[in-house]
Structure formats: structure tokens, C-alpha cells
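First comes the structure, then the notes that go with it.
The values are calculated or read from the model by the stated rules, or taken from the named source; none is laboratory data. Computed from a prediction, not measured in an experiment: that's the story for all the values here. Here the Cβ positions follow ideal geometry from the backbone for every residue, glycine too, while neighbour counts run over all protein chains shown. These accessible areas exclude ligands, DNA and RNA; they are computed on the full protein's heavy atoms, side chains included. Shrake-Rupley method; radii C 1.70, N 1.55, O 1.52, S 1.80 Å.
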Amino acid sequence: MAALPRRIIKETQRLMQEPVPGISAVPDDSNARYFHVIVTGPEDSPFEGGLFKLELFLPEDYPMSAPKVRFITKIYHPNIDRLGRICLDILKDKWSPALQIRTVLLSIQALLSAPNPDDPLANDVAELWKVNESEAIRNAKEWTRRYAMDN
Amino acid sequence: MEMMNTDDDSLCEDSGNETSGDDVDFNVEVETSVPKESQSYDDEYQYEVLSTSDIVQYMSDIIDEVNSVLQLPPTTARILLNYFHWDKEKLMERFFDGDQDELFKEANVINPFKKIPVTGKPKLSLKIRGTEECDICFMVFAPSHMTGLECGHRFCYQCWNEYLTTKIVEEGVGQTIACAAHNCPILVDDETVMRLVKDTRVKIKYQHLITNSFIECNRLLRWCPSPDCNYAVKVAYVDFKPVVCCCGHIFCFACGENWHDPVKCSLLKKWIKKCDDDSETSNWISANTKECPKCGATIEKDGGCNHMVCKNQNCKADFCWVCLGSWEPHGSSWYNCNKYDEDEAKAARDAQERSRAALQRYLFYCNRYMNHMQSLKFEHKLYSSVKDKMEEMQQHNMSWIEVQFLKKAVDILCKCRQTLMYTYVFAYYLKKNNQSVIFEDNQKDLERTTELLSEYLERDITQENLVDIKQKVQDKYRYCDGRRKALLDHVHEGYEQDWWVCKEA
């Protein structure tokens, strides 16, 4: 594998030195482009109290192209599908090379606080979120309790 | 790709955008250049064939013209023009009538009249005074190694190069590359791109993307659809008319298909789609096959016996082809199988009958269409045999100009074939009426005379005395051409008089 670009080295160092509250991102021992991520569910959201595992990979042409991020912990959310894939503009067409791992993870945390059922990835979840929000929130809490706690 | 080579031709003033209404111009320059090869097709339709460098020149002429009034930096003018799909009237109108700040904001460009000195943007590195850190590579540079747009977001030259290259090569973005900063919509102008991109191939790709978006958004311009041809055709108004590219390809300006008179673009499109999709395959299936009443497998009858045994090894149903009932009660007298519900059986038979008729009708027209298409391909071989004949004649004391009638004969033969080919598409969608009968007579005449000409050029010509040939060939092709014109004139008149009724098929 080619030498790690300075940008990735520095970003990793800074993530370690000044971690983001509620988010941990640790590079894998064998692959410095692969990060084990844990995001805590934001307060006052149905995901509160949960610890959500994600994986994050920096592709060859990072930061010219966006990191690849996926939820590993099951989550009931209109913009995250069964496979954990995330519908977030900055991971797609709104990616800018001036964004960082830190900003991406903060955006994902913000997405947990503010689901957007009008731009859905998981259609059934989004549908319920729109027609019966309280039931959707109950489901999200139940999934959080079942999959994102004590594990 | 060459840039900005000056061309003396006066360029048409109309920017040709969809939204421009009446073509009222400040200084209307009348198009003077008439393309060399177009006369033989349609004399009154004027157009111009542009090379890539002509297109670049044409764009910069429009920019200059806009700037003679607006006095903007050319790069800003280009971004604004692109935002208005190169409709300069619309740009001028918005510029003088509306809120200019709003206009610049919508077009994602900084108002050049209001350049505010970049306010404290350069993020000074905390570690070393007088240096900046690039937000992309995290390296620290002297300010002279950093650059950016009017929005104030600065990155190092290396990162700009990589960013622009990724946008151009990987994403195919040209005129609308935004600043590399997150959420900054300000567009990178063409001069900046050319300055910051290092690789020549990327620059060429960028130029191509820019000219391409210019052609795509301009209704009066169209790329020649011929493979690997880099010319575009420019017209004064869009019409269902043939244009001849410098590469020799003749196409319909309105839709870009091969020239297809007498059938109109919309029906040709429908026809091509029909030929390409599987609708006739499914018609064939419903006309020629039945489904096994037990397992539903599609069955084609390949023998005379009506006692069918399903070949699906898990089914092996015995049934009667005629009534699709179980074979058992038929015994030896299968033809007495009239015990099924009469209406249902009749409906099924009618549906199959209709499928069959539709299929037959389609195949009738399709065969003739394909046949002329095939012949047209063969006629191209005639050019070489005719060339030999022309040389032979020149050795018998005929001048070069005197023997050109032979080439002309093949030209006309090809045109007739092409017209005939498309008459079958026209006819397929045509409802029968008195005029359609006249059309079919014209079609028959043209087909007959075309075959005569074809046969003569292919075969009889070798046995003829050289002196007789010229007269005979000329008589034949003139007659063909006359029939072709008569047919087309009749169809065109019908378009004007609303004679033609379209058949839904």
C-alpha cells in the first residue's frame, strides 16, 4: 500500500488529541484508512442512550472523494437502510475536500437528531415517520434499546 | 483543440436559446455563407458547419458582444451566460431590469462591481507567523502558494489542481465546478481552471465539456451524430430539414436522425422504438403460441397433431391444442371439442386473431423498410463499379464533366432508396383515406422506377453502347427524381392541408 498521505496522518492525530464529544473514531491496527467508529445517540432523540457502531473507510483518492461510512448497529431511521447505508448529501454530491472525518461524523450525529423523512432511504420507515410519527419514534426507541444498549 | 482562432465569417447574432422569443436584435447581421454541399438537398434552408475552434470562437464572440454593453470581466460574463443557457437577451434583460445582486447570487458568482476586499479570511497558521494552512492537505504554506476565488476560500495550488482534475475527469463537470470549500456555491471561472489545472489532457477535456454544454443548451446548434465527428451544425431556425456535415453525414436537424423525409421526427422515433423494443416479439408469441393449461409453459406447435403433451417434465399434461382442454375426453374424435364456454373461446380466438393481424401488418411495413435499407447499403457498392465505367468512358474521348452523370445517377438512386425506406414508416402510421391512396400510388411509382434505375445501373449498363448510356441513364434518373419529388411534394402538401390521420400502432 502506498504511503499514507500527510492529510490522513494529521487528521487521525487531531482526532485523537481533540476528540469530538460523543464520538470516537479509532483507526484499525492493520489498516490506517479504516476506522472503527462509535457514535452516542444524541440527547432528546429516540436514539438517546444508545451506542451506535459504524465503519468508516477513506478511499484511495480521499479527500478528493468522500469517505465511505456505514452503520453496523441496526438502527430505525428514515435515512438509514437495512444495510446501514446512510443518505447524507455531504457523503455524495455535496462532498467537499475541505470536509473531514470529524465533520462527517458530526453531520451523522446531527442526522440522528433530525431525521428527514422527505428524502428517505428506508421507505417503510420514512412512511411511518410521516403518517404516525409517535409510533415511528416508539419503534426507534425500541430498536435502540434492543440493538444499541449493553453491547 | 485550438483556442480562439479568429475566423472572418460573420456569425449569426441569435444566441438561439429556447427562451428567446422574437429574434429582434440590435444589429442584425445576415448570414452570408452558404454551405457548399447543401444546395442539392434543400436550397432555402441555411446552416453553417462549425469546427471545435469555430465553436470556441463563437462563444467568445457572444461574450464580447455582451461585454460591449455590460462591461463585465469575460469570465463573469461566461458564467452568467451559461446560467441563462447562452441567451444573451435574457441576461441583458435581467441585468438591467432586476436586482443585480440577486442575479449574481443566483448565478453563483461574486458581483464584480462590489468587490469587497477579502475580509480576514486567510486562516493564519498558529504555529508559524505569516503562513497559511491548506484545509485540504493540512500543509503549511507561504501565502503566495495559496490561491482562491473571490469568496475568499484559499487552498494550495496542488490541492486546487487535484480538486479540479477530479471534478473534470471523474465527474465530468465543466462550467459549474464550485469552490472547493464546503457549502460554498461560487463557481470556478474558466480562466482560473485553465490556470490551475496542470495536465494538458485535463485542460482539453475541460474545453470539451464547456463547448459541449454550450451546444447542448443551444437549440440552434447540434453536434453531428456521426461517430467521431467533431463538427456541429448551426442553423438560423430549427426545422425538420436535412443538413450535410463536413464529414459527409446527412441528418435531420430537428432530431439528429438520418434524413427521413417524408416521415416526421415524432413518428420515426416511435417506429425506431417499436423496432428496438420487444413489442413485436410478444405479438409473435401471442399469435403463434399457447400456454399449457396446467403449468403455463409457453408452447409452440411444431407438428400437425393436436394431441399436445407438455414437454415440461414436471407437468407432462395431455391437452388439446384447439380447445386447451384435457385430452382424455376427446378420445379419437378431437375435433368435437366444442364443449368449452363459447364466449370465452371466441374472445381468446379474437385476441389471437388481432395479434396476428397486427403482427402481419407490422412485418409487411418492416420488411419493406428493411429491404430498402439493405439495398441502400448495396447501392454504395455501385459507386465503385460506376467509377470504373466513368474511367472507361473518359478513355473514349468523353470529358470528365461529361461522365459525371453516372455518379449523379447513383446519388439519386440512393436518395430514392432512402425516401422509399421512410415512406414505409410513414405508411405504417397512416390511416386510409383518399389521399393515402394517392400516396400509395406515388410510392408504387417511385418504387418501380427506382428498381428500374437500380437494375439498369447494376446490370444492363455493361452491355450498352457507350453513346446510348448517357441518354438512357439521364432519362431514368430524371424520371426517378421527378417521382421522388412528386411523392414528397404530395406528402408535404398533405401536412399543410391536414390530410394525414395518424394511426395508433
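Among the residues of the stretch B:381-389, are any buried (at least 16 other Cβ atoms within 10 Å of the Cβ) and free of Cβ contacts under 8 Å to residues at least 60 places away in the same chain? Looking for residues that are buried (at least 16 other Cβ atoms within 10 Å of the Cβ) and free of Cβ contacts under 8 Å to residues at least 60 places away in the same chain, one finds none in the stretch B:381-389, hence no.
Looking only at residues in the stretch A:1-11 that are surrounded by fewer than 12 Cβ atoms within 10 Å (Cβ to Cβ) and not basic (Lys, Arg), which one is farthest from the other protein chains (Cβ to nearest Cβ)? First the steps, then the outcome.
Kept after step one, since they are surrounded by fewer than 12 Cβ atoms within 10 Å (Cβ to Cβ), are these residues of the stretch A:1-11: A:1-3, A:6.
Checking which are not basic (Lys, Arg) leaves us with A:1-3.
Numbers: A:Met1: 19, A:Ala2: 15, A:Ala3: 14 Å.
Of everything passing the filter in the stretch A:1-11, A:Met1 is farthest from the other protein chains (Cβ to nearest Cβ).
Residues in the stretch A:12-41 that are within 27 Å of A:Asp150 (Cα to Cα), of a type outside the set (A, V, I, L, M, F, W, C) and within 14 Å of chain B (Cβ to nearest Cβ): 1 in all. When B:Cys255, B:Cys247, B:Cys275 are checked against the criterion of being touching a residue at least 12 places away in the same chain (Cβ under 8 Å), part of a loop (DSSP other than H, G, I, E, B) and surrounded by fewer than 15 Cβ atoms within 10 Å (Cβ to Cβ), a single residue qualifies: B:Cys247.
Residue check: B:Asn314 meets all listed conditions (1) over 30 Å from B:Met370 (Cα atoms); (2) at pLDDT 75 or above; (3) surrounded by 11 or more Cβ atoms within 10 Å (Cβ to Cβ); (4) polar (S, T, N, Q) but one, namely (3). Scanning the stretch B:73-87 for residues that are part of a helix (DSSP H, G or I) and within 26 Å of the chain's Cα centre (by Cα) gives B:Leu81, B:Asn82, B:Tyr83.
Taking first residues from the stretch B:140-157 that are away from chain A (no Cβ under 14 Å) and part of a strand (DSSP E or B) and partners that are open to solvent by 40 Å² or more (accessible area, probe 1.4 Å) and modelled with pLDDT of 90 or more, the Cβ contacts under 9 Å between residues at least 6 apart in sequence or on separate chains come to B:Thr147/B:Arg154; B:Thr147/B:Tyr157; B:Thr147/B:Arg195. Filtered by the rule that a residue be farther than 19 Å from A:Cys87 by Cα and open to solvent by 60 Å² or more (accessible area, probe 1.4 Å), the stretch A:117-142 gives A:Val131, A:Glu133, A:Ser134, A:Glu135, A:Arg138, A:Lys141, A:Glu142. Listed conditions (1) open to solvent by 70 Å² or more (accessible area, probe 1.4 Å); (2) over 18 Å from A:Pro21 (Cα atoms); (3) in a loop (DSSP other than H, G, I, E, B) are all met by A:Asp44, apart from (2). Within the stretch A:19-41, the set of residues being open to solvent by 20 Å² or more (accessible area, probe 1.4 Å) and within 19 Å of the chain's Cα centre (by Cα) comprises A:Pro19, A:Pro21, A:Gly22, A:Ser24, A:Val26, A:Pro27, A:Asp28, A:Ala32, A:Tyr34, A:His36, A:Ile38, A:Thr40.
Any residue in the stretch B:227-238 that is out of contact with any Lys or Arg (no Cβ under 6 Å at 6 or more places or on another chain), surrounded by 15 or more Cβ atoms within 10 Å (Cβ to Cβ) and within 14 Å of chain A (Cβ to nearest Cβ)? No, there is no match, as no residue in the stretch B:227-238 is out of contact with any Lys or Arg (no Cβ under 6 Å at 6 or more places or on another chain), surrounded by 15 or more Cβ atoms within 10 Å (Cβ to Cβ) and within 14 Å of chain A (Cβ to nearest Cβ).
Set side by side, the residues B:Glu496, B:Glu440, B:Glu458 differ, and just one is of a type in the set (D, E, K, R), surrounded by fewer than 20 Cβ atoms within 10 Å (Cβ to Cβ) and within 30 Å of B:Lys387 (Cα to Cα), which is B:Glu458. For the stretch B:409-424, residues that are aromatic (Phe, Trp, Tyr) and over 20 Å from the mean Cα position of the chain (by Cα) total 1. Taking A:Arg14 as the residue in question, decide whether it is touching a strand residue (DSSP E or B) at 6+ places or on another chain (Cβ under 7 Å) and open to solvent by less than 80 Å² (accessible area, probe 1.4 Å). Here the answer is no, as A:Arg14 does not meet what is asked.
Could you check the stretch B:166-197 and list, in sequence order, the residues that are open to solvent by less than 40 Å² (accessible area, probe 1.4 Å) and assigned to a helix (DSSP H, G or I)?
Step one: filter the stretch B:166-197 for residues open to solvent by less than 40 Å² (accessible area, probe 1.4 Å), giving B:166-168, B:172-175, B:177-181, B:184, B:186-190, B:192-193, B:196-197.
B:Thr166, B:Lys167, B:Ile168, B:Asp190, B:Thr192, B:Val193, B:Leu196, listed by residue number.
Listed by first and then second residue, the pairs with beta-carbon distance under 9 Å, at least 6 apart or on different chains, first residue in the stretch A:102-115 and free of Cβ contacts under 8 Å to residues at least 40 places away in the same chain and farther than 12 Å from A:Phe47 by Cα, second open to solvent by less than 40 Å² (accessible area, probe 1.4 Å) and among the hydrophobic types (A, V, I, L, M, F, W, C), are A:Thr103/A:Ile90; A:Ser107/A:Leu88; A:Ser107/A:Ile90; A:Ser107/A:Leu91; A:Ser107/A:Leu99.
Of all residues in the stretch A:47-58, those that are surrounded by fewer than 19 Cβ atoms within 10 Å (Cβ to Cβ), in contact (Cβ under 8 Å) with a residue 60 or more places away in the chain and not in a loop (DSSP other than H, G, I, E, B) total 1.
In this structure, A:Asp61 does not satisfy being within 14 Å of another protein chain (Cβ to nearest Cβ), open to solvent by 30 Å² or more (accessible area, probe 1.4 Å) and at pLDDT below 90. Scanning the stretch B:62-74 for residues that are open to solvent by less than 70 Å² (accessible area, probe 1.4 Å) and among the small types (Gly, Ala, Ser) turns up nothing.
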